[in-house]
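Taking it in order: structure first as structure tokens, then the write-up.
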Amino acid sequence: MDDVAWRARTRFRAFDGKTRLVERSGPTEKRAVERLESAIEQLQKSRARLTVDFKFRDVAGVWLEKVAQRRAETTRDNYEQTLKRIVLDRIGDLRLREISVPVLEEFFEKLEADGYSAGYRRSLSASSALDRETPHRLPSLRMATRLPERWLGLG
């Protein structure tokens, strides 16, 4: 019996932004779908250490590790203290897929309500720093760096 009785196909958007057709076959429909799902899982794992299922605090930890490799210890300590004191308490437990422009709008509005100056809010643009570190892994944060200027006290 031929091992290619069924074909399962889907489109997969790769980390370069291009959508590609992925196809797997099998002797049964179920086996073809299982092979396709396995192939997609492997494609996702092959390039991504971080996924949208990670919590923001986990991503911040990875980012701090990178900062520690390139910056002075005091700079890293300052970033870590700011993250712990202000950012992680508010959005640290959100998963990356949950961080959207409305969520960040609320975050910056709460900072303003809590009395943080516009300059301080601009300096807290951790999403910008994270975006430079892992741009292909954090699409929602990359989008969030384009927050309206009024949220950062610029407008």
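The values are calculated or read from the model by the stated rules, or taken from the named source; none is laboratory data. As the structure is a prediction and not an experimental result, all values here were calculated from the model. When we count neighbours, we look across all protein chains shown, and the Cβ atoms used for this are built from the backbone with ideal geometry, even at glycine.
With the structure loaded, tell me whether Val52 is crowded, with 17+ Cβ neighbours inside 10 Å and β-branched (Val, Ile, Thr) or whether it fails that test. Spell out the reasoning first.
Working: crowded, with 17+ Cβ neighbours inside 10 Å: no; β-branched (Val, Ile, Thr): yes.
For Val52, the condition - crowded, with 17+ Cβ neighbours inside 10 Å and β-branched (Val, Ile, Thr) - is not met.
Which is in a loop (DSSP other than H, G, I, E, B) and either surrounded by 13 or more Cβ atoms within 10 Å (Cβ to Cβ) or out of contact with any helix residue (DSSP H, G or I) (no Cβ under 6 Å at 6 or more places or on another chain) (or both), of Asp93, Asp58?
Values: Asp58 fails: in a loop (DSSP other than H, G, I, E, B).
Result of the check over Asp93, Asp58: Asp93.
Here are some conditions: (1) without any contact (Cβ under 8 Å) to a residue 60 or more places away in the chain; (2) under 17 Å from the mean Cα position of the chain (by Cα). Val62 meets all but one. Which one does it not meet?
(1)
Every residue, every condition in (1) surrounded by 14 or more Cβ atoms within 10 Å (Cβ to Cβ); (2) in a loop (DSSP other than H, G, I, E, B); (3) not charged (D, E, K, R), yes or no:
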position: Lys30; (1), (2), (3): no, no, no
position: Ala68; (1), (2), (3): yes, no, yes
position: Thr75; (1), (2), (3): no, no, yes
position: Ile86; (1), (2), (3): yes, no, yes
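Do we find that Ile99 is modelled with pLDDT of 75 or more, β-branched (Val, Ile, Thr), buried (at least 17 other Cβ atoms within 10 Å of the Cβ) and under 16 Å from Lys55 (Cβ atoms) in this structure? Spell out how you get there, then give the answer.
Working: modelled with pLDDT of 75 or more: yes; β-branched (Val, Ile, Thr): yes; buried (at least 17 other Cβ atoms within 10 Å of the Cβ): yes; under 16 Å from Lys55 (Cβ atoms): yes.
The answer is yes for Ile99.
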